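Inspection log for the structure reproduced underneath, given as structure tokens.
The values are calculated or read from the model by the stated rules, or taken from the named source; none is laboratory data. Every value quoted in this text rests on a predicted model; they were computed, and no experiment measured them. All Cβ positions, even for glycine, are placed from backbone atoms using ideal geometry, and neighbour counts span all protein chains on display.
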Ligand code: SF4
Ligand code: SF4
Ligand code: SF4
Ligand code: FES
Ligand code: FES
């Protein structure tokens, strides 16, 4: 009764099937298979999970369960400049949520999404170990400390 | 096995190694409350994720309270199950669960049979401190043809996940997300309708709360009953009569056939008929198909597919269409009894009473949720008018009878109407695992050998083992029969058919553990497999009491063929009583 129609290029399907085969098509290796696929494609959309389900002969619902359980898996493609906002305790107390809201407003996207032009994507993090600089924002490899909502526009401008 | 001695609530008990504290306490008659834990002993079904922590107790030498449903007994252990500390912990756990739970018990379809509600009552919860500040998770309500998912009411016991994945091996649903947003859902949180769900309803039958319930069709049936232009015909499946009484406080296994008939008449149905009649008809068609395929096979015709698989369970049909579409020519083409009944009611019977099929409403009372979906399949309607209009579960019927203030326990037994209410014992046993194939053997034996069957009770085909097999002697021809109930067991037999290893001539499959008596629409068993066994006993008792016990001896079936269908397998029979199957496996489309 599944109505999902999956569209992938042949070489992508072959790649995923190949990864499954490397791990002996063993459902126990699901996490490793997903890691390898995410490294290759950058994210794990439904289509990829369906092919993994086929390759490991396990229900796709279980795979989706694992993908949504571990925060290092993502179902949306990262933007060219991935933006992460720390929501650890220190950052949170110092107003990280307001900063996050500002990014959402400026970019018109929610956490876990990316902009239409794939330029930016938005995610949140647990403590990144720079509490002294709270609230902390990462754009790609660059770290911004003591970010206030008013700084958001300027940060984004750097990547115009 | 080693024996372990321990003390629970100051009483000593000896248990075999590996026993959990919960079970040891039960031996002593100590009832520790549980929520997520569930066991169906005779079916090897167990759920113990140790997630809810309602079952905790104090265990000597341990700092923390231990979940008794999953903690094993150790020698010399001293356990205290109801100390103030334990009671306090249970209350805290319960308050926590309830703080994120809707409080609309008033209109919840599980109200009265909800285990969470009962637990709140048992633990004396009258107030949930801080509930007004607690965040409440919200999910959309998902309504499929058979099942409603209202996950705001989910307490993450994961019983449904265990049923769907381990027992049924369907894997339509799984625990997804984490923390606050954790829930049980199909892949990508699609609606159930777009998942691989078979609508077997086994998740519904174990869900302790109102998170998973059946779609309620009683209001539509009521509307048909008040519409003077409609003739409303009802059919009742075999398994219903063996379980309906439970909803009215009767002991499991109490047969209420006559009272149920009386109650249906009192509810205002114009004709009270029996799906058992259609079960007899199914045997005529399926049995003929079996013998035809078998004799062609024995003559060396390789186009004759052996084994033949039964096709009367719509949950099972959904399963093979999804997972074994390559074998879709193997099952019998005979429709399920529900659909055979509808097809005959809206042609033969409508003609007989001189009405148009559009003015007839056919209602079925089923132990099953998959039947709700089945009767909505397009191929089972004529010009948009379905052969069966509404299918309601045993539970829905019970609620309907209560609404109408009918005192079913004190009704005089009544008989079904004629002609579609007449059946043999063979029709009755369709309700239990092994019953369909036993009924088929009774008829096929006599048709094949031309001899009278001396022993009608094929006890070798009965029982509760998940996969069973027996060889029946057809006067020199050994016929190998396989039986599976529960879709996980069916998968095992199907894998053999696919690989060509199967030695069976015929296989019966029922999606639900125990067969339809354990169906997803039956009164809740609350984890007690004795209930299901008692229903099976009731079914076989009814069979024994019937004057006729072979489908082909049913005089009304004989008449139906004489007056209307011709003979089994005729063109007309094919048109009305047979169907075909579809490949529903998801396709991976490759972009060029
Ligand atoms: S109805 Fe059956 S197949 Fe569907 S989700 Fe429930 S247990 Fe799984
Ligand atoms: S839907 Fe019901 S059975 Fe499934 S986890 Fe939630 S409460 Fe338990
Ligand atoms: S075994 Fe019976 S109750 Fe269960 S899905 Fe099949 S027909 Fe329905
Ligand atoms: S809480 Fe944000 S860096 Fe530690
Ligand atoms: S019943 Fe033991 S943890 Fe839920």
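Say whether the condition of being touching a strand residue (DSSP E or B) at 6+ places or on another chain (Cβ under 7 Å) and either closer than 27 Å to residue B:446 by Cα or surrounded by 16 or more Cβ atoms within 10 Å (Cβ to Cβ) (or both) is met by at least one residue in the stretch B:533-548.
no
Could you identify the single residue in B:167, B:93 that is surrounded by 18 or more Cβ atoms within 10 Å (Cβ to Cβ), touching a strand residue (DSSP E or B) at 6+ places or on another chain (Cβ under 6 Å) and touching a residue at least 12 places away in the same chain (Cβ under 8 Å)?
The match here is B:167.
Please go through (1) modelled with pLDDT under 90; (2) on the phi > 0 side of the Ramachandran plot for residue B:171 and return the number of the only condition it doesn't satisfy.
Result: residue B:171 passes all but (1).
Any residue that is assigned to a strand (DSSP E or B), closer than 30 Å to residue B:268 by Cα and in the same structural domain as residue B:292 (by TED's automatic domain parsing) - is there at least one of those in the stretch B:342-350?
For the stretch B:342-350, residues assigned to a strand (DSSP E or B), closer than 30 Å to residue B:268 by Cα and in the same structural domain as residue B:292 (by TED's automatic domain parsing): absent.
Would you confirm, using the coordinates I've provided, whether residue A:124 is within 14 Å of another protein chain (Cβ to nearest Cβ) and away from ligand 5 (no atom under 16 Å from the Cβ)?
yes
Can you find, within the stretch B:306-325, the residue that is surrounded by the fewest Cβ atoms within 10 Å (Cβ to Cβ) among those that are in a loop (DSSP other than H, G, I, E, B) and touching a strand residue (DSSP E or B) at 6+ places or on another chain (Cβ under 9 Å)?
The qualifying residue surrounded by the fewest Cβ atoms within 10 Å (Cβ to Cβ) is B:306.
Going through the stretch B:544-589 one residue at a time, which ones are more than 14 Å from chain A (Cβ to nearest Cβ), part of a loop (DSSP other than H, G, I, E, B) and closer than 21 Å to residue B:377 by Cβ?
B:579, B:580
Any chance you could count how many residues in the stretch A:100-132 are buried (at least 18 other Cβ atoms within 10 Å of the Cβ) and over 19 Å from the mean Cα position of the chain (by Cα)?
1
What tally of residues in the stretch B:20-51 results from selecting those that are part of a strand (DSSP E or B) and either within 14 Å of chain A (Cβ to nearest Cβ) or within 16 Å of ligand 2 (Cβ to nearest atom) (or both)?
Going through the stretch B:20-51 one residue at a time, the tally reaches 6.
Residue by residue, here is whether (1) assigned by TED's automatic domain parsing to the domain that holds residue B:28; (2) within 15 Å of ligand 2 (Cβ to nearest atom); (3) over 24 Å from residue B:531 (Cα atoms) holds:
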position	(1), (2), (3)
B:53	yes, yes, yes
B:60	yes, no, yes
B:67	yes, no, yes
B:77	yes, no, yes
B:107	no, no, yes
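If you take just the helices (runs of 4 or more DSSP H) that sit entirely in the stretch A:38-96, which of them hold at least 2 residues that are within 14 Å of chain B (Cβ to nearest Cβ)?
A:46-56, A:60-69
Out of the residues in the stretch B:355-371 that are in a helix (DSSP H, G or I) and touching a helix residue (DSSP H, G or I) at 6+ places or on another chain (Cβ under 6 Å), which is farthest from ligand 1 (Cβ to nearest atom)?
Across the stretch B:355-371, the extreme among qualifying residues is B:357.
Is the stretch B:484-491 home to any residue that is closer than 24 Å to residue B:329 by Cα and without any contact (Cβ under 8 Å) to a residue 24 or more places away in the chain?
Within the stretch B:484-491, one or more residues are closer than 24 Å to residue B:329 by Cα and without any contact (Cβ under 8 Å) to a residue 24 or more places away in the chain.
Which is under 15 Å from the mean Cα position of the chain (by Cα) and either more than 26 Å from residue B:393 (Cα to Cα) or more than 16 Å from ligand 4 (Cβ to nearest atom) (or both), of B:531, B:497, B:467?
B:531
Which residue, of B:504, B:564, is surrounded by fewer than 24 Cβ atoms within 10 Å (Cβ to Cβ), more than 16 Å from ligand 5 (Cβ to nearest atom) and farther than 29 Å from residue B:455 by Cβ?
On inspection, the qualifying residue turns out to be B:564.
Quick one: in the stretch A:120-140, which of the residues that are over 10 Å from residue A:83 (Cβ atoms) and assigned to a loop (DSSP other than H, G, I, E, B) is nearest to ligand 1 (Cβ to nearest atom)?
For the stretch A:120-140, the residue satisfying everything is A:126.
Looking at B:178, B:241 in this structure, which one is assigned by TED's automatic domain parsing to the domain that holds residue B:119, more than 14 Å from ligand 2 (Cβ to nearest atom), over 17 Å from residue B:520 (Cβ atoms) and in contact with a helix residue (DSSP H, G or I) (Cβ under 9 Å, 6 or more places away or on another chain)?
Answer to the selection: B:178.
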